[in-house]
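See structure below.
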Amino acid sequence: MDGDEKIDLNQNNEIHELIRAFHVYTNSNPIGFIGGVEITVADVVIASLIARENMIFIGRPGWGKSQLIEDIMDGIFNQRAVYFRGRHDLDIKEVFERINLHKLRDAKTDDDVKELTENVKEVCFVIDEINRAPPLIQNTFYGLMDGYISFKGKKYELGRLGYSIGIAAANLGDGNYSGTFNIDDALNERLHVPLNLSSLYKPEPTDLFDVFNSADNPRVKDITAQDLSEQLFKLHQKFIDAEADLYYVIFKTYLTFGLDWCPIEEARNSKSVLGKNFSSILKEKGYTHELATLTGTSMGMSPRVSFVVSGLARALEMVARAKGAEGFLGVDSSIVALKIIAPYSGIFDPQIVRKEFYGNPSFAAEQFAKETAEEVSSKIEPIAHAFKKAVNGELNESDLAEFKGKWQFMEKILRRENTKGAVEQNENKQKDSKGLMFVGKNE
C-alpha cells in the first residue's frame with residue numbers, strides 16, 4: 001500500500017502515447033475517478049492492454065465498437081492484427097496453417113505438408129460479431145483468447161515476447177438480432193474486460209457533435225497506422241515485475257472467498273455449495289441479516305475473475321498516475337475495475353437486478369463496487385498488524401477475533417502464517433544456540 005510511489009517519466013510518456021492512439025473514436029464519458037482523475041473508455045482499453053486482459057466491446061449497432069477496434073489495430077499495432085468475423089462456418093486454422101508445396105513429394109500424410117504461418121507471431125487477435133458464431137465455433141476461440149493455438153497435437157504460443165491480446169465485439173440488444181448465439185460462461189470469462197459502449201458509458205453529446213460536424217460517412221474510418229507495440233511490451237513487463245501490494249492480495253482473496261461466505265455450516269459456509277438459489281435458502285433459514293447488502297446477495301467471483309479485477313485495477317493505477325493522480329489509489333482503482341467487470345460476471349441475483357436496479361447490472365455494480373471496496377479497506381490495517389505478528393509466530397486468539405463471518409478465510413490464512421512464523425523463529429533460536437556453543441568451545 002505504497003502511497004509515495006516514485007514518478008516514472010518514461011512510463012508516463014509511453015502511456016500518453018498509447019492514449020493518443022485513439023484518433024477517431026472519442027468518448028469523454030467518465031467511468032469513474034481515481035485520485036480525482038477521470039477514467040474514460042480509452043483509459044480502460046489502455047489499462048487492459050497493459051495488463052494483457054482480453055476485451056469484449058458490446059452494445060447496440062452503430063455506437064463505435066468497430067471504430068474502437070480499428071483505432072486499436074491501426075493506431076497501436078500498425079495493422080498487424082489478425083481479424084475474424086463471426087460466422088457459422090468460421091475456421092480460425094485457415095489463417096494459421098498453410099500447405100508447403102515443397103513437401104508434397106516426400107509427405108506420407110496430409111499433416112506432413114502442413115505448417116504454421118507467420119500469423120502466429122502477430123500480437124492482436126480480433127473476432128468481430130463474435131456472437132454470430134455458433135457454440136461449436138466459439139469453442140475454437142478458447143485457445144486464441146488464452147494466447148495459443150493447437151497444431152499437430154501441440155500448443156504453440158501466439159504473439160511476441162510472451163505477449164498477445166484478444167479483442168471481440170458483439171451486438172447485444174432486445175432480441176431483434178437474428179442469427180446470434182449466447183456466449184457460454186467459459187468463453188465469457190476469457191473475454192476478461194467487457195465494455196458496453198451504448199449504455200451507461202456511451203459517448204457524450206459533445207463527443208458525437210464533433211463527429212456529426214464532419215462529412216456524412218457512416219463507415220468505419222481509417223487512421224494513420226503506427227506501431228506502439230514496443231512501448232506496450234515495456235509497460236506490460238513493468239506491470240508484471242511490480243511487487244504485489246498487500247491490499248490487492250487481500251482484495252482478490254475477498255472477492256473469491258469473502259463474497260462466497262454464508263452462515264450455514266452444513267454447506268461449509270459457502271454460497272457456491274448451496275448453488276444459485278442460496279438467497280432463498282438463507283431466507284428460509286432465517287438469515288435475513290446476511291442478505292441486507294448487495295454483497296450479501298452476490299456470489300463469490302471465480303479465481304480467474306478475481307485476477308482480472310485486480311489486474312485491471314493495478315493497470316488503471318498506472319494510467320491514473322500518468323494522468324497526474326497521486327497517493328494510495330487502491331480503493332479508487334478497485335471501485336472502477338469492479339464497476340466494469342462485475343455487471344457481466346454472473347455474481348448478481350437477476351431478480352434483485354430487475355427489481356432494484358431497473359434490470360441494468362451496471363447500476364448494481366456501482367453499489368456493489370463501493371460496498372466491496374469499503375469492506376476491504378476497513379480490514380487492511382488490522383490484517384497488516386496481524387501479519388506482522390504472524391511472521392514472528394506471536395498471534396493470539398484476540399488478534400483473530402476480528403476475522404469472523406465473511407472474513408473467516410483470513411483467520412485460516414493468519415493461523416497458517418503464524419504456524420510458519422513460529423517454526424522459523426524456533427529454528428533461528430536453535431541456530432543461535434548452536435552458534436554460541438561453537439564459540440564457547442573455541443574460547
Considering only the chain, what is the antiparallel percent among its DSSP beta bridges, to the nearest 5?
40
Inter-label distance for Glu115 and Asp8, nm, one decimal - labels placed 7 Å from Cα along Cα-to-Cβ:
3.9
Write down the Å³ per residue value for the convex hull defined by the alpha carbon atoms of segment 9-241.
163
For Ala244 and Ala422, FRET efficiency with R0 = 22 Å and r from the beta-carbon atoms, rounded to 0.05?
0.40
Charge tally for neighbours of Ala369 with beta carbon under 14 Å away, counting Lys, Arg as +1 and Asp, Glu as -1, is -3
What number comes out for the charge environment of Ser198, summing +1 per Lys or Arg and -1 per Asp or Glu over other residues with Cβ under 9 Å away?
+3
Taking the structure as given and computing volume of the Cα convex hull per residue in Å³, which label from (i) 152; (ii) 188; (iii) 237 fits?
(iii)
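Do any GluC sites (Glu not before Pro) in segment 1-70 lie in a DSSP loop with no more than 14 other beta carbon atoms within 10 Å, and if so, which?
Filter output for segment 1-70: Glu5.
In percent, how large is the relative contact order of the chain, given Cα pairs closer than 8 Å and 6 or more residues apart?
20
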Could you check the simple spin-label distance between Lys234 and Ser378, using points 7 Å along Cα→Cβ, in nm with one decimal?
4.4
Using a 10 Å cut-off on Cβ atoms, rank the peptides 187-200, 138-151 from the highest mean neighbour count down.
187-200, 138-151
Relative contact order computed over segment 9-241 (Cα-Cα under 8 Å; 6+ residues apart), in percent:
33
Please work out the C-alpha center-to-center distance from segment 281-360 to segment 7-21 and express it in whole Å.
28
Expected 222 nm ellipticity per residue - DSSP helices of 4 or more, -39500 (n - 2.57), all of the chain, to 500:
-14000 deg cm²/dmol
Whichever aspartates and glutamates have a C-alpha closer than 13 Å to that of Lys412, once near sequence neighbours (fewer than 8 apart) are set aside
Glu397, Asp399, Glu402
State, to one decimal in nm, how far the label point of Arg354 lies from the label point of Lys412, with both points 7 Å from Cα in the Cβ direction.
3.4
Stretched fully, the stretch from Glu157 through Asn213 gains (0.36 nm per residue minus C-alpha distance, one decimal, in nm) 15.7 nm
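Every number in this text was worked out from the coordinates using simple rules, so none of it is lab data. In this text, all values refer to a predicted model and were calculated from it rather than measured experimentally. So basically every Cβ, Gly included, is an ideal-geometry build from the backbone, and we count neighbours across all protein chains shown.
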